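To start, the structure itself, in structure tokens.
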Amino acid sequence: MELKYAISKRRALRAFEPIEILDEMIKEVAETAVRAASCANKQPWRFVFVKGKEALSKLHETLVSRNYWAKDASMLIAVSSKKELDCVVGNREYYLFDTGMATAQLMLAIVEKGLVAHAMAGFNSELAKKALNIPEDMNLITLIAVGKHSEDFSKLGKKHQETEKIRSTRKPFEEYAYIDEFKG
């Protein structure tokens, strides 16, 4: 799959059907993530790939109610980092930017495999860190639900059933990009 195609196919879908996630696939997508650029090549990202039944169950307990659908994902990925793992230039802390770039590459690699990668913010960070043994000083940035998309939307609430069917719109160029100077 070409990059442009993977980007066009990436969607935050919520309907999942079970699929076996192999360690080999995890290593392949992680290798894509580790190739992301980072300040001074510090590679500040840390990923926990959660696919075991018991570990998933613990992590499910940390999700907010609106992310009920993520319990049907075959894997959840915890993305974390901290300021001390990356460059700080003046008041710019690069760890979030660099981890974001690696996470985007990871998600596109998952989409390239024909799967869904849906990042979410709706979880209790402290409980999730405890469940996964992530050190307290790390910033748990996001959880990513991964799985095979299902055409059966019956487990989703009405609102999510509707959003599953249509592609969200994007802002026109003029609303987010400028040439030569900021005009917002």
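Quick note: the coordinates plus some simple rules give every number you see, no bench work behind them. All figures in this text were calculated on a predicted structure; none of them were measured in a lab. Neighbour counts are summed over all protein chains in view; Cβ atoms, including those assigned to glycine, are modelled from backbone coordinates with ideal geometry.
Within the range 1-19, being in contact with a Leu (Cβ under 7 Å, 6 or more places away or on another chain) and either crowded, with 19+ Cβ neighbours inside 10 Å or more than 30 Å from Glu93 (Cα to Cα) (or both) holds for Arg14, Ala15. Of all the listed residues (Ser38, Ser74, Ser65), the sole one being of a type in the set (Ser, Thr, Tyr) and surrounded by 20 or more Cβ atoms within 10 Å (Cβ to Cβ) is Ser38.
If the condition is being surrounded by 14 or more Cβ atoms within 10 Å (Cβ to Cβ) and of a type in the set (D, E, K, R), then the range 20-34 contributes only Glu28. The residue list Lys130, Lys148 contains one member that is within 21 Å of Gly52 (Cα to Cα), in contact with a Pro (Cβ under 9 Å, 6 or more places away or on another chain) and either of a type outside the set (Ser, Thr, Tyr) or surrounded by fewer than 19 Cβ atoms within 10 Å (Cβ to Cβ) (or both), which is Lys148. One residue stands out in the range 20-70 among those that are among the β-branched types (Val, Ile, Thr) and out of contact with any Gly (no Cβ under 6 Å at 6 or more places or on another chain): the one that is nearest to Val89 (Cα to Cα), namely Val34.
Inspection of the range 96-108 finds no residue satisfying the criterion of being part of a strand (DSSP E or B) and either farther than 20 Å from Ala12 by Cα or hydroxyl-bearing (Ser, Thr, Tyr) (or both).
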